[in-house]
Amino acid sequence: MDAERWQRISPLLDALLELDGDARRRSLASLREDDPGLATEVEALLKLEEGQEEFLAEPVVAQLPHARPDAMIGPYRLERMLGEGGMGQVWLASRADGFYEKRVALKLLRPGLADPNLRLHFTRERQILARLEHAHIARLLDAGISADSQPYLALEHVEGEPITDWCRLHEPPLDQCVRLFLQVCDAVSHAHANLIVHRDLKPSNILVTALNEVRLLDFGIAKLLDTADQGGDNTRTGLRAFTLHYAAPEQIRGEPVTTMTDVYSLGVVLYELLAGSKPYQLARESDAQWEEAILNVDPVRPSLALLRHADDNRTDRPTVRKRARAISGDLDNIVLKAMSKRPEQRYPSVEALAQDLGRFLRGRPVHARPMRLSYRLRKYFARHRWAVSTAVLVTAVLMAALGIVGWQAQQAMRESARAQALQNFVIGLFENAGATPAGAPLDVRRLLEAGIERGELELAQQPVAHAELFGVVARIRAGLGDYEQALALLLREAAIVGTIEDPPPSLRLQLATDLGRTSRLLARYAECVETMRPWQALAQREERRLPVQVSEFYSQLGRCQRASGERAAAQALFQRALAIRRDVPGAAAAAVENLSDLASLLGDAGDTQGALDGQRRALAQLRDRVGLRHPLAIDLLRTSCSLQRELSEVRGAERDCRSALALSRALHGDQHRATIDARRQLAALLVDQGRLGEAGAEFRDTHGWLVSRLGEDHPDVALNYNSLGIVAWERGDVEEGVRDVQKAIEIWRRQDNEPRLASGRFNLALILHSVGRDAQARAPLVQALQQRAASYGATHPLVGDTWRLLGEVDAALGRDEAALAALRRGARLTRLGYGDTHSHTYRAQLSLARFQAERGDVTALQRLDSLAALGSPAPGDHELRKIAWLAGAYAAGVRCRGAQRDQASASLDAIEAEIRELRPEGGVVAREVAGVRRHCR
């Protein structure tokens with residue numbers, strides 16, 4: 001049977017073999033009507049299959065009997081198999097005869113695939129392939145036949161990925177992909193120059209190494225097999241020494257193979273690199289269908305195949321369309337010319353293919369396309385686009401220069417008029433100030449209102465200057481604490497900016513920043529983020545031109561996002577603002593402010609010590625670069641005070657709080673917001689020291705200022721109510737304490753401020769528990785526990801302190817088992833979070849030891865005695881001293897029940913005397929010790 005006849009029979013035979021008996025008979029009858037002779041031949045072949053159940057039960061080719069790990073093939077020891085095919089196997093092996101050490105890729109041919117003169121052919125093949133010394137070809141190192149007649153080839157072992165997989169994984173630019181393919185062409189061209197045809201070019205034989213260099217594999221085996229079986233017919237009926245998907249039509253037909261066969265295979269590989277798919281899309285995958293497509297079907301253009309593949313897989317269509325446009329035209333034609341069905345229509349050599357690809361990279365006309373004048377001109381302009389563009393640009397610049405000069409002159413006049421208008425406004429303010437009667441106090445707010453009225457008249461025709469005037473006055477009013485009035489002025493500024501056709505970016509950014517800052521000061525955090533976020537894109541565009549305004553915008557938006565709980569977004573903005581400010585001259589103080597912002601985020605996440613270290617570094621930079629007589633130093637000192645108080649570093653906290661208050665009074669006076677906040681913070685320390693009268697007076701005095709400036713619903717007003725409640729409780733007025741703390745809880749509930757709400761509920765439970773109202777205390781305490789766990793995590797030390805109080809409440813309610821579990825958890829979490837020497841840690845240990853000692857645990861009583869000694873080594877730590885007093889009183893209370901009543905009474909006398917001396921106003925701890933005394937009596 002000739003090859004042409006077989007090409008017609010083969011697909012029919014494949015189809016009929018898949019049908020059952022009835023369907024097969026109907027198909028044969030239909031075929032017989034069209035071509036009786038063809039039907040007879042097909043039916044005869046089908047009869048050969050009948051009754052041959054054991055057909056192909058045994059492998060056609062022999063297995064490799066000695067191919068296993070650690071086996072010796074010649075001088076090589078096999079390590080692991082790298083791949084397997086019909087011809088044999090490829091193993092990773094190492095030289096093991098002691099002459100030298102080297103790892104190789106060892107190809108083992110199956111017995112029976114060569115003639116008796118195999119050793120002679122191997123020797124001749126080694127001599128031929130030894131000439132292939134090329135950077136992109138894996139070298140043949142050795143060839144031979146082992147003692148047990150196993151043929152082998154030893155080649156350079158290459159670690160890499162198939163070129164198609166590498167391009168799919170790394171997604172290189174199109175020009176880099178083409179340059180990589182040119183390395184393949186160079187290697188194949190070298191082989192052709194040495195009279196060697198590869199015959200099996202495919203992606204798995206073209207590897208890309210870690211250095212992004214190509215290595216071509218598998219030279220020699222096809223040549224070796226062909227030499228060993230010169231009479232073989234490489235058709236479907238013979239032994240196939242090539243991969244079908246990349247085979248040229250002449251290989252399918254069994255015709256002589258030339259260098260243009262490799263050109264065709266290279267075209268298929270290039271097609272797959274560009275289109276991401278094979279050139280033929282078959283309805284049914286079979287060898288017959290593939291042969292039919294290779295022989296008779298024209299592939300679609302790679303650019304069109306790429307677009308179809310993208311539509312089917314819903315990939316990134318804009319990117320794919322851009323790549324398809326780059327491929328269409330020259331590369332489409334180069335690939336299709338290389339894949340022509342007839343060899344004489346392809347490139348005459350691999351060098352010709354590579355030269356056309358080089359022309360494509362250089363922007364020159366390629367030989368695969370007709371050389372029309374329009375095509376050549378297009379290529380010329382693309383190749384010289386910079387020179388042409390420069391000429392056009394120079395002309396355009398010359399034409400536009402006159403227009404720009406005129407526009408700049410107009411802009412300069414507008415800027416001058418705007419500056420003059422604002423200057424006149426400032427002069428007018430001081431003229432109005434001079435009209436104040438002698439000896440009368442200067443009313444700054446009335447002066448600003450008069451300035452606004454004057455600006456309305458004088459700047460009505462200058463909307464940009466008019467808007468800036470509102471912004472300046474709004475910032476002054478915010479500095480005075482008049483936040484609502486400042487917000488009203490900013491909204492009027494926004495209305496004016498809305499009427500300007502193209503307002504300056506600096507004006508828009510400043511307005512957005514001012515609106516955000518004022519909303520944040522009014523605790524309208526969501527409103528702040530909603531107002532500022534739409535302007536973030538403008539800020540990003542103006543980073544280089546307006547670094548001062550952009551960095552301030554980022555900082556204010558970050559503070560609003562931090563207050564709203566968006567800590568990750570806030571951190572990114574603080575870091576970006578810091579990076580900008582480090583490159584801006586004179587922005588040292590602003591950069592320090594961002595360092596403080598970043599440190600505060602650590603405190604939000606529960607890393608109090610890390611936050612304190614960050615604030616101290618920021619304060620040191622401010623001192624070195626600017627000096628400490630700066631408004632920013634007030635905030636840094638206050639934050640440091642708060643963090644030290646949380647860490648029980650009482651002396652350092654009081655020092656920083658007093659420094660902040662003194663500096664604020666010196667810079668701002670007594671009625672500034674910074675001074676009010678510093679007073680409240682110092683008052684909290686006075687509560688810790690038992691100076692309840694002074695603390696209560698400070699909180700009451702500042703409360704009026706807060707309400708008048710911020711309104712009743714501000715979180716800081718709630719914080720002040722909470723502080724007033726704690727002072728009232730310490731002084732013994734429980735009902736007033738409960739009432740004030742409940743006011744704070746209600747404000748925080750309306751604000752959805754979960755962390756503050758949890759603290760308020762904890763304090764409410766603390767007050768109720770202290771007077772025995774434990775049934776009322778348990779519900780808010782459980783809510784506080786849930787909120788703190790959700791906000792900080794289940795292992796946070798604040799959660800541990802909440803477990804401690806819950807344990808005390810459950811113990812008072814007689815729930816001993818639950819109480820013990822809660823107290824133990826509280827002791828463990830506070831110690832893990834705060835360390836062994838923190839006051840919260842000692843407080844949790846005190847509660848647990850008291851519970852166990854009152855139930856007869858002698859060891860727990862000894863722990864109470866140890867805690868009672870805490871006051872001596874750290875007399876300045878008021879929290880530790882209170883824990884020591886309570887531990888001594890609880891131990892005395894336990895001893896009162898036994899034979900040590902006199903010792904217990906003496907101990908209580910000493911504790912009460914020390915409390916009267918150091919805390920003359922008493923407080924909760926004094927009442928607790930007095931309660932133990934009553935029970936002892």
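The values are calculated or read from the model by the stated rules, or taken from the named source; none is laboratory data. If you're wondering where the values come from, they're calculated on a predicted model, not measured in any experiment. All Cβ positions, even for glycine, are placed from backbone atoms using ideal geometry, and neighbour counts span all protein chains on display.
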Does the range 270-306 hold any residues that are in contact with a Lys or Arg (Cβ under 7 Å, 6 or more places away or on another chain) and at pLDDT 90 or above, and which are they?
272
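Yes/no matrix, rows are residues, columns are (1) surrounded by fewer than 16 Cβ atoms within 10 Å (Cβ to Cβ); (2) in contact with a helix residue (DSSP H, G or I) (Cβ under 6 Å, 6 or more places away or on another chain):
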| site | (1), (2) |
| --- | --- |
| 280 | no, yes |
| 288 | no, yes |
| 298 | yes, no |
| 304 | yes, no |
| 319 | yes, no |
| 329 | no, no |
| 341 | yes, yes |
| 344 | yes, no |
Could you please tell me which pairs satisfy a Cβ distance under 7 Å, a separation of 6+ or placement on different chains, a first residue in the range 458-469 that is without any contact (Cβ under 8 Å) to a residue 60 or more places away in the chain and at negative phi, and a second residue that is crowded, with 16+ Cβ neighbours inside 10 Å and not in a helix (DSSP H, G or I)?
464/503; 464/504; 465/459; 466/459; 469/459
Given the options 561, 536, name the one that is out of contact with any strand residue (DSSP E or B) (no Cβ under 9 Å at 6 or more places or on another chain) and either more than 21 Å from residue 584 (Cβ to Cβ) or in the same structural domain as residue 605 (by TED's automatic domain parsing) (or both).
561
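If I filter the range 566-576 for residues that are touching a Phe, Trp or Tyr at 6+ places or on another chain (Cβ under 6 Å), among the small types (Gly, Ala, Ser), at pLDDT below 95 and within 30 Å of residue 754 (Cα to Cα), do I get at least one hit? Break it down into steps so the answer makes sense when it comes.
The first filter runs over the range 566-576 and keeps only residues touching a Phe, Trp or Tyr at 6+ places or on another chain (Cβ under 6 Å), leaving 573, 576.
Narrowing further to those that are among the small types (Gly, Ala, Ser): none.
Checked the range 566-576: no residue is touching a Phe, Trp or Tyr at 6+ places or on another chain (Cβ under 6 Å), among the small types (Gly, Ala, Ser), at pLDDT below 95 and within 30 Å of residue 754 (Cα to Cα).
Just to be sure, is residue 653 modelled with pLDDT under 90, out of contact with any strand residue (DSSP E or B) (no Cβ under 6 Å at 6 or more places or on another chain) and buried (at least 23 other Cβ atoms within 10 Å of the Cβ)?
On the way: modelled with pLDDT under 90: yes; out of contact with any strand residue (DSSP E or B) (no Cβ under 6 Å at 6 or more places or on another chain): yes; buried (at least 23 other Cβ atoms within 10 Å of the Cβ): yes.
Yes, satisfied.
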For the range 889-913: of the residues being modelled with pLDDT of 85 or more and among the polar types (S, T, N, Q), which is surrounded by the most Cβ atoms within 10 Å (Cβ to Cβ)?
907
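Would you kindly identify the helices (runs of 4 or more DSSP H) lying entirely within the range 440-533 that contain at least 3 residues that are over 22 Å from residue 564 (Cα atoms)?
Numbers: elements: 444-458, 463-479, 483-499, 505-521, 525-532.
The helices (runs of 4 or more DSSP H) meeting that bar are 444-458, 463-479, 483-499, 505-521.
Just give me the residues in the range 183-207 being among the aliphatic types (A, V, I, L, M) and either in a loop (DSSP other than H, G, I, E, B) or touching a Gly at 6+ places or on another chain (Cβ under 7 Å) (or both), in sequence order.
Going through the range 183-207, the residues among the aliphatic types (A, V, I, L, M) turn out to be 184, 187-188, 191, 193, 195-197, 201, 206-207.
Across the range 183-207, the qualifying residues are 195, 196, 197, 201, 207.
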Every residue in the range 617-649 that is in contact with an Asp or Glu (Cβ under 8 Å, 6 or more places away or on another chain) and among the polar types (S, T, N, Q), please.
640, 644, 648
Of the listed residues (870, 823, 805, 861), the one being in a helix (DSSP H, G or I) and either assigned by TED's automatic domain parsing to the domain that holds residue 895 or modelled with pLDDT under 95 (or both) is 861
From the list 628, 663, 622, pick out the single residue that is farther than 30 Å from residue 835 by Cα, free of Cβ contacts under 8 Å to residues at least 40 places away in the same chain, not in a helix (DSSP H, G or I) and not aromatic (Phe, Trp, Tyr).
628
Among (1) at pLDDT below 90; (2) buried (at least 19 other Cβ atoms within 10 Å of the Cβ), where does residue 615 come up short?
(1)
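Considering each of 712, 694 in turn, give the residue that is within 17 Å of residue 741 (Cβ to Cβ) and surrounded by fewer than 20 Cβ atoms within 10 Å (Cβ to Cβ). Explain how you work it out, then say what you get.
Working: 694 fails: within 17 Å of residue 741 (Cβ to Cβ).
That would be 712, the only listed residue that is within 17 Å of residue 741 (Cβ to Cβ) and surrounded by fewer than 20 Cβ atoms within 10 Å (Cβ to Cβ).
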So which of 687, 717 ends up being touching a Gly at 6+ places or on another chain (Cβ under 9 Å), among the aliphatic types (A, V, I, L, M), assigned to a helix (DSSP H, G or I) and at pLDDT below 90?
687
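For (1) outside any helix (DSSP H, G or I); (2) at pLDDT 85 or above; (3) among the β-branched types (Val, Ile, Thr), each residue gets a yes or a no:
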| residue | (1), (2), (3) |
| --- | --- |
| 131 | yes, no, no |
| 148 | yes, no, no |
| 175 | no, yes, no |
| 212 | yes, yes, no |
| 224 | no, no, no |
| 227 | no, no, yes |
| 232 | yes, no, no |
| 237 | yes, no, yes |
| 241 | yes, no, no |
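Restricting the search to the range 28-42, which residues are in a helix (DSSP H, G or I) and not β-branched (Val, Ile, Thr)?
Let us first name the residues in the range 28-42 that are in a helix (DSSP H, G or I), namely 28-34, 36-42.
Scanning the range 28-42 gives 28, 29, 30, 31, 32, 33, 34, 36, 37, 38, 39, 41.
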Name the one entry in 39, 44 that is at pLDDT 70 or above and surrounded by 10 or more Cβ atoms within 10 Å (Cβ to Cβ).
39
Residue pairs qualifying under the 7 Å Cβ cut-off, at least six apart or on distinct chains, with the first in the range 822-850 being touching a residue at least 24 places away in the same chain (Cβ under 8 Å) and the second being surrounded by fewer than 20 Cβ atoms within 10 Å (Cβ to Cβ) and among the acidic types (Asp, Glu), are 839/879
Considering every residue within the range 784-802, establish whether at least one is without any contact (Cβ under 8 Å) to a residue 40 or more places away in the chain and out of contact with any helix residue (DSSP H, G or I) (no Cβ under 9 Å at 6 or more places or on another chain).
no
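Take the range 159-171 and flag every residue that is in a loop (DSSP other than H, G, I, E, B) and surrounded by fewer than 16 Cβ atoms within 10 Å (Cβ to Cβ).
Of the residues in the range 159-171, the ones in a loop (DSSP other than H, G, I, E, B) are 159-160, 171.
Passing the criteria: 159, 171.
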With the condition kept exactly as written, say whether any residue in the range 67-76 is of a type outside the set (Ser, Thr, Tyr), modelled with pLDDT under 80 and not assigned by TED's automatic domain parsing to the domain that holds residue 285.
no
If residue 318 satisfies every condition in (1) more than 24 Å from residue 199 (Cα to Cα); (2) touching a residue at least 12 places away in the same chain (Cβ under 8 Å) but one, which is the exception?
(2)
Inspect the range 606-613 for any residue being assigned to a loop (DSSP other than H, G, I, E, B) and in contact (Cβ under 8 Å) with a residue 40 or more places away in the chain and give the result as yes or no.
yes
